[in-house]
Amino acid sequence: MSPSDTPTLVAPLELVRSPKVWRRAAPATVVLIALVATAIVLSTRREEQQLAGAAAADSARRDSVPVVVSPADSNPVDSLRLADSTARADSVVARRDTVRPKPVVAPTVGRLSIAAPGTARVSVNGQAVSDGAWRSDSLKPGEYTVSASIPASSGCDWATVEEKVRVRAGGSHALTLSPRPCGTITINMLNVANGARFSVVSTDGGVKVEGALPRDGGIVVPTGEYRVTAQQPLCAPYSNESVTVVADRATRLTFRVICERG
């Protein structure tokens, strides 16, 4: 090879410095730089999207997993308040269950109570039920005859007291029966004549007995205080304002009335 055929090597710096070479290489360089920049931008966006997706997935996992606080990390005061609130709620539920209204059942029986002396025999519809006070909470509705009797002398109508009472279902009825023993008052008018009469009245007005004189036997009345009067034609009346009658005893009144002379 001859020296003229040997290719001439141009130094790179010279090529760069050559205006012709720069003009030829400039477009390619610009395109290359643009491609590199585009690749960097796309790679950066892809990494950002991957990071955002990973962050969203991690946040979703954190939201879906329940947070459990161990007793050591919890506040004791809050725990006590929660326990107290739960206990109160359970208590309210229990009370609601307790106070649930029960079915209303219509009453089918009534109540009857009788007050009477301890010596009195109490009977209901003729059947003896007790000596003294008596009570029943299971009487069927209807009318009942209730009586109380005490031992007494013959002819003492006050020794037995009888009343009727109507018992209603669900009702409460109370009676007080007070039988009384008797004594007698004997009136002995010494100058009795035809047309003579007597009157015996208790101080409370509850007992009154009248009749003709002379009278065989005594006048039977219950124990208590009485006013006794007697009169006959053409004579001044007799009156005793305080006569006491005691059980099973005779009270005798003997007197003479003042009469006009005929």
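Data table
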quantity	calculated
Boolean, GLU163 is of a type outside the set (A, V, I, L, M), without any contact (Cβ under 8 Å) to a residue 60 or more places away in the chain, assigned to a strand (DSSP E or B) and not assigned by TED's automatic domain parsing to the domain that holds ILE114	no
Lone qualifier among VAL228, VAL257, VAL221 - being farther than 30 Å from GLY118 by Cα, surrounded by 13 or more Cβ atoms within 10 Å (Cβ to Cβ), touching a Cys at 6+ places or on another chain (Cβ under 7 Å) and of a type in the set (A, V, I, L, M)	VAL257
Contacts under 6 angstrom Cβ, first residue in region 234-252 being within 18 Å of GLY218 (Cβ to Cβ) and at pLDDT 95 or above, partner part of a strand (DSSP E or B) and of a type in the set (Phe, Trp, Tyr), 6 or more apart	TYR238/PHE255; VAL243/TYR226
Whichever residue in region 112-129 is among the β-branched types (Val, Ile, Thr) and in contact (Cβ under 8 Å) with a residue 12 or more places away in the chain and, among such residues, is farthest from TYR144 (Cα to Cα)	THR119
Every residue from region 94-153 that is farther than 22 Å from SER172 by Cβ and under 21 Å from the mean Cα position of the chain (by Cα)	ALA94, ARG95, ARG96, ASP97, THR98, VAL99, ARG100, PRO101, PRO103
Some residue of region 181-191 being in contact (Cβ under 8 Å) with a residue 12 or more places away in the chain, small (Gly, Ala, Ser), farther than 30 Å from GLY126 by Cα and surrounded by 12 or more Cβ atoms within 10 Å (Cβ to Cβ)	no
Extreme residue, farthest from the chain's Cα centre (by Cα), among residues of region 211-262 that are small (Gly, Ala, Ser) and part of a loop (DSSP other than H, G, I, E, B)	GLY262
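For (1) over 30 Å from VAL209 (Cα atoms); (2) in contact with a strand residue (DSSP E or B) (Cβ under 8 Å, 6 or more places away or on another chain), each residue gets a yes or a no:
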position	(1), (2)
ALA106	yes, no
ARG135	yes, yes
THR145	no, yes
SER153	no, yes
GLU162	no, yes
ALA169	yes, yes
HIS173	yes, yes
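The values are calculated or read from the model by the stated rules, or taken from the named source; none is laboratory data. Fair warning: this is a prediction, and the values are worked out from it, not measured in the lab. When we count neighbours, we look across all protein chains shown, and the Cβ atoms used for this are built from the backbone with ideal geometry, even at glycine.
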